[in-house]
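Presented below is the structure to which this report refers.
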Amino acid sequence: MRKAISQSVLYQALVVPLIQLFVFVAISLVVIGSVVLILAALFNRPVAGGMTLLQFVIRTLPQVAIDGLVIGFLYAMIALGYTMVYGVLQFINFAHSEIFMVGAFIGVELMLALAIPSTAPLMLIMAGILLAVAGGMIGSGLLAVVVERVAYRPLRGAPRLVPLISAIGVSFFLQDAVRAIEGLLNNAFYRNYPSFPVLNQQIPLASFTVAGQPVQMQIQAKVIFIIIASLVMLSGLNFVVNATRLGRAIRAVAQDRPTAALMGVDVDRIIMLTFLIGGALGGATGVLFGVRVGRIDPYVGFIPGIKAFTAAVLGGIGNITGAMLGGIVLGVLEGFAGAYLSQFTGGAFGAEYKDIFAFAILILILMFRPTGLLGEMVGQRA
Amino acid sequence: MANLLELRKVTKRFGGLVAVNQVDFTLEPGRIVSIIGPNGAGKTTLFNLITGIYKPDEGEILFEGRSLVGLRPDQVTARGISRTFQNIRLFGNMTVMENILVGMHTRFRASPVDILFQTPRFRGEERELREEALRLIRFVGLRASPDELAKNLPYGEQRKVEIARALAARPKLILLDEPTAGMNPQETAETTRLIRRLRDELGITVILIEHQMRVVMGISERVTVLDYGEKIAEGSPEEVRRNPRVIEAYLGRGVAIGAIA
């Protein structure tokens, strides 16, 4: 009996969400991949390189899928910050994209301060990045708490639009604060993550032949790192929300704040911890994002922030599982659009139109499911 | 005997409306007392003042001799006061068990680290609290499974879960806001017995807001009557029942004595 209880808690909190995550990944890849394949088969015609469109798609599909997934995981982690805060406060924290950006800057400063030689052994580099991620989590988490305390809590009783404006203000403030600090210290407001050849190398995953031509499926070493880090954090979050006293309190506050208070839950503290967790996830994502793209500036949070917010709405705002699904779907959608738009339209629309495409799909989904893919399930809120 | 709860000249205004006006109220431990009054008389406001949802504009609220004024609801709960609601306010998308565990929130000691590594401390505490929750489920006579979502339970069962959740904090005083509202006579009788057992078996002092006179007259040792935020009568059920001001408040002028019995 004793063992059964604790095992089932662990099972519910760690194994189930991981399975769920894999199901989401599989479903989004299969659905979106099939659509692309069917379209390619329908409009099949010769394209550059002596291949047909269908052959081109089949050759590139696995690679595109992996790239899309990585973006998807990053969106999912940022989306969690929006959705958790929405869950407890019914408020969109538009400054979250800047929390993410600050995380990226803390990460880059730590990496530069560590000055790990670019030829250092892989373990040392990994340790350095992990340290930067930890730094980004702590810094961004604390910053989110301060922002809540200074800019949102005094407005708790105000009409809903007021804290929204306050959030936009915080957003501008943080952008310019980082710009000013970096400008004063470095005479430039952008920074470059140190690059490591070991992390950039392509690791072959599989190879097969399509239409007599060999196809190599590869994955960048740092992408593996990003995927593993995301999985660890996503399951960690699920564990906290579903298996701990803190998580139970967060869910209680999300469902009914006054009642939770009357049950002995310190609501202000729970809201603070929600910002801490969401901010920490955002900061970690900022560092991973920086490692992936290399160069960052104070405005780097805006686009990923908007997309992650979109992902949260797509999955069902307030719904943690939904945020993960929304992030993965949006990332994959965008990846596919970026890779194939140009080929499918005969060059009329290039990869730069991928956002329009992804958002058009999104609007379509929301027209038919306004509450998002998984719906605004209050039970999942937090 | 020392008072468990004492309200001194408590006043609460909402704009121009005086919801609770200069109310004095004392309660000895081990009692079951009722607060009655017409709709809008200030009964629920009084509960909200005691539990820290509202702060009184004037007056003092003492629990075990210490002031409650200015404490947050969770701090009041930690002092030993629990409540239920007029409209059931369970966490609908949580299971019965989880609802009760939230009620025990202030009593958990294990940290997330303990939980992650399944330390003996966590296992012991989790087992202890879950077993206690099961005892509470049995105590209130809940027939549903602890793993059922609260929103899927029938109304009467939800009331029981609310009471079990309120008991989870091990209160010294429990405030029940219309616990029999919407119940059929059989459920009402069952709830009445349960309220009496709270005091007799668990030693918890009870304040009841109630509309069904049968319940009020059946179990309360003392009845306080509010009207337009003021205390207009107080005494044994018999005294209150015969009080002309009470009859007037309930039924308007000129109605025969004894009508509210």
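Accessible surface for the protein assembly as shown, divided over its residues, is 42 Å² per residue with a 1.4 Å probe. Within 10 Å of the Cβ of each residue in B:102-108, the mean number of Cβ atoms contributed by other protein chains is 6. Taken about its Cα centre, the stretch A:2-380 carries a charge dipole of roughly 640 debye when the Cβ of each Lys and Arg holds +1 and the Cβ of each Asp and Glu holds -1. Three semi-axes describe the equivalent ellipsoid of the protein assembly as shown; taken as square roots of 5 times the Cα gyration tensor eigenvalues and ordered largest first, they are 58, 26, 23 Å. A crude spin-label estimate for the pair B:VAL18 and A:ASP176, with each label 7 Å from Cα along the Cβ direction, gives 5.2 nm. In this simple spin-label approximation, A:LEU42 and A:ALA360 carry label points 7 Å from Cα along the Cα→Cβ vector, and these lie 1.3 nm apart. How large a share of the accessible area of chain B, in percent, is made up of carbon and sulfur atoms when the probe is 1.4 Å and the other protein chains stay in place? Reported share for carbon and sulfur atoms: 49 percent. Of A:ILE226, A:ILE250, A:ILE125, which has the largest mean-square fluctuation in a 10 Å C-alpha GNM of chain A? Checking each option, the largest mean-square fluctuation is seen for A:ILE125.
Explain nothing, just the number: relative contact order of the stretch B:92-168, from Cα pairs under 8 Å at least 6 residues apart, as a whole percent.
The value is 51 percent.
GNM on chain A, alpha-carbon springs under 10 angstrom: the most fluctuating residue among A:ALA284, A:ALA41, A:ALA95 is A:ALA41. Starting from the Cα of B:GLU230, step 7 Å toward the Cβ, then list every residue of the stretch B:30-68 with an amide N under 15 Å from that point. Answer for this model: B:38, B:41-42.
How high is the relative contact order of chain B, in percent, with contacts defined as C-alpha pairs under 8 Å that are six or more residues apart?
This gives 25 percent for chain B.
Of the beta bridges in the protein assembly as shown, as assigned by DSSP with both residues counted there, near 65 percent are antiparallel.
A 1.4 Å probe, protein heavy atoms only, puts the accessible area of A:SER28 near 10 Å². In this structure A:MET123 has an accessible area near 150 Å², from a 1.4 Å probe over the protein heavy atoms. Annotation: Cα Rg of the stretch A:2-380 relative to the compact-globule expectation 2.2 N^0.38 Å equals 1.02.
Paramagnetic label reach from B:GLU239 (point 7 Å along Cα→Cβ; backbone nitrogen cut-off under 16 Å): within the stretch B:191-232, residues B:217, B:220-226, B:231-232. Mean per-residue shielding of peptide B:164-173 is 1, counting Cβ atoms of other chains within 10 Å of each Cβ. Put simply, chains B and A cover up around 2900 Å² of each other's accessible surface, both sides summed, when a 1.4 Å probe is used. Of the beta bridges in chain B, as assigned by DSSP with both residues counted there, near 55 percent are antiparallel. Comparing mean-square fluctuations of B:ARG165, B:ARG197, B:ARG31 from a GNM of chain B with C-alpha springs under 10 Å, the top value falls on B:ARG197. With both labels modelled 7 Å from their Cα along Cα-to-Cβ, the A:ILE27 to A:TYR299 distance reads 3.8 nm. Take each residue of peptide B:81-91, count the partner chain Cβ atoms within 10 Å of its Cβ, and average: the result is 3. Counting only lysines at least 8 places from B:LYS151 when in the same chain, those with an alpha carbon closer than 26 Å to its own are B:LYS160. Residue order by solvent-accessible surface for A:VAL170, A:VAL57, A:VAL313 is A:VAL313, A:VAL170, A:VAL57, largest first, with ligands and nucleic acids left out and a 1.4 Å probe. Just the number, please: Stokes-Einstein D of chain B in µm²/s, Kirkwood Rh from C-alpha pairs, 4 °C, 1.567 mPa s. Reported coefficient: 67 µm²/s. A:TYR193 sits with roughly 20 Å² accessible to a 1.4 Å probe, with DNA, RNA and ligands left out of the calculation.
Residue separation of A:LEU161 and A:THR345 scaled by 0.36 nm, minus their Cα-Cα distance, works out to 62.1 nm of gained length. Relative contact order of the stretch A:2-380, taken over Cα pairs closer than 8 Å and 6 or more residues apart, is 31 percent. Measuring r between the beta carbons of A:ALA115 and A:GLN20 and using R0 = 41 Å, the FRET efficiency lands at 0.50.
The values are calculated or read from the model by the stated rules, or taken from the named source; none is laboratory data. The model shown is predicted, which means the values in this text are computed figures rather than measured ones. Virtual Cβ from ideal backbone geometry, glycine too; neighbours counted across all protein chains shown. Note: accessible area is taken over every heavy atom of the protein model, side chains too, but ligands, DNA and RNA are not part of it. Shrake-Rupley method; radii C 1.70, N 1.55, O 1.52, S 1.80 Å.
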